[in-house]
1. Just to be sure I understand, how many residues within the stretch 57-78 are farther than 30 Å from residue 193 by Cα and in contact (Cβ under 8 Å) with a residue 40 or more places away in the chain?
2. Looking only at the stretch 168-175, decide whether some residue is closer than 30 Å to residue 373 by Cβ and either modelled with pLDDT of 95 or more or within 16 Å of ligand 2 (Cβ to nearest atom) (or both).
3. Looking at this structure, is residue 81 touching a residue at least 60 places away in the same chain (Cβ under 8 Å) and in the same structural domain as residue 127 (by TED's automatic domain parsing)?
4. Only strands (runs of 3 or more DSSP E) wholly contained in the stretch 351-465 count here; list those with 2 or more residues that are closer than 25 Å to residue 81 by Cβ and within 16 Å of ligand 1 (Cβ to nearest atom).
5. Going through the stretch 229-265 one residue at a time, which ones are within 16 Å of ligand 1 (Cβ to nearest atom) and within 19 Å of residue 214 (Cα to Cα)?
6. So which residues in the stretch 441-468 are buried (at least 17 other Cβ atoms within 10 Å of the Cβ) and touching a helix residue (DSSP H, G or I) at 6+ places or on another chain (Cβ under 9 Å), if there are any at all?
7. Assigned by TED's automatic domain parsing to the domain that holds residue 224, part of a strand (DSSP E or B) and farther than 22 Å from residue 349 by Cα: is that true of residue 263 in this structure?
8. Can you tell me which residues in the stretch 424-436 are surrounded by fewer than 22 Cβ atoms within 10 Å (Cβ to Cβ) and within 16 Å of residue 266 (Cβ to Cβ)?
Ligand code: SAH
Ligand code: SF4
Ligand code: F3S
């Protein structure tokens, strides 16, 4: 289930299997793979690259690990809990291997990169370990592992973007899709493991991004999220035309494919989001009025230790600028409670900045020290767990209030909603999102609508995470 659009959406909300659509295999396969993905949307998108590489090499996909010759876990290292979840799952597969010794188990993604051969050698949990830039070598590694050798490739690359690989859409709802526009991260936020697991930042060829988006639109996809750890630093130099493409320009190219194609993007770093991007949003109404702008902390002192390179005032100014140019824009965030040295006063600054920013929604975590990061090397993880948890509870409470206020303000408003499918609760209701990325559920009062349609919906109420509405006749805007 791909519910969140922000990056790093994470082991808590994004965990679970992804399956290939039935259109995937063209040749009957004699061997089958099963893949489970954890972590952020980029990792889910990578699983679709992996599926494509494996299919090219004669592997069919299966939904059932019991039928798989190859079980792959595409893993996340962002917090300790994410890794624990994967380790538990790996020990389940190790047990299963006892009765099926021919089955291979592989770890892909960020844990593969972080732990490298350790998973093979010390813990004997897996047969192959493949880092995020080494997926092209999967067929060779599977062959090695199949002949009893330990197969590892965790080389990071400066230029791999998998631009030429056409992803096999896994678990697609047929309406929304994700497209990776860059890989890696150069930011070195002190708490974060991503620069170590994903390597240097590199931008994918703009032409291949636009071609993939166009193809998705032609296949019926109506909403695309452009993915990168820091989309505002996207920069591609087109050698054919000798023209550089910035993120704002890329956004416009994708938005220009068709007015019926909604475009989202994630994640925006508060230090990098520019007016140019906001103006591109203004120019194209099909670029969604939604910005995920991770704050992490509201204390300038803590932000400095986090190496976020902006201040509390800078974040305020960005929020003000967004609201000035795009008054109806949804703003959401990521917050970390209890980073090294955080005091009660720092914590109150975070609560205060959240309220100031009137965040519509946040992903909230307590700090989890990651080995090898700048924070792990330089600072002491000195906020007691009980204090971290108490602060996180206050942050969650406040966000609950802010989200309720935001939803209350929507009651009575009319939104254009893209129908994504039936609601989980009932076959008699549709579920979709408005441009601000809020989920809206409404009864199927007219037989004409189908998945992928845009409809006008009036909000009549809300539950904790969902707006409730009623369908309006098509001529009302
Ligand atoms: N590139 C994105 C975030 C990617 S990671 C950005 O810069 O905003 C997603 C989120 O996980 C981060 O925004 C942060 O809130 C959280 N996170 C990252 N490392 C963490 C850690 N060590 N402990 C707790 N939360 C962490
Ligand atoms: Fe991690 Fe910071 Fe890069 Fe985001 S911008 S992935 S938090 S280092
Ligand atoms: Fe994503 Fe987790 Fe890696 S958030 S980049 S899968 S550490």
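The values are calculated or read from the model by the stated rules, or taken from the named source; none is laboratory data. None of the values given here were measured: they were computed from a predicted structure. Reconstructed Cβ throughout: ideal geometry from the backbone, glycine too, with neighbour counts over all protein chains shown.
1. Looking only at the stretch 57-78, we keep the residues that are farther than 30 Å from residue 193 by Cα, and these are 57-64, 66-69.
Next, from what is left, pick out any that are in contact (Cβ under 8 Å) with a residue 40 or more places away in the chain: 57, 61, 63.
The total comes to 3.
2. no
3. Values: touching a residue at least 60 places away in the same chain (Cβ under 8 Å): yes; in the same structural domain as residue 127 (by TED's automatic domain parsing): yes.
Judged against the criteria, residue 81 is a match.
4. Working: elements: 361-366, 414-422, 429-433, 439-443, 454-462.
Here the list reads 361-366.
5. First, the residues of the stretch 229-265 that are within 16 Å of ligand 1 (Cβ to nearest atom): 229-234, 247, 264-265.
Listed by number, the residues that qualify are 247, 264, 265.
6. Within the stretch 441-468, 459, 462, 466, 467 qualify.
7. Values: assigned by TED's automatic domain parsing to the domain that holds residue 224: yes; part of a strand (DSSP E or B): yes; farther than 22 Å from residue 349 by Cα: yes.
Against the criterion (assigned by TED's automatic domain parsing to the domain that holds residue 224, part of a strand (DSSP E or B) and farther than 22 Å from residue 349 by Cα), residue 263 qualifies.
8. Pass one, the stretch 424-436, residues surrounded by fewer than 22 Cβ atoms within 10 Å (Cβ to Cβ): 424-429, 431, 435-436.
Across the stretch 424-436, the qualifying residues are 435, 436.
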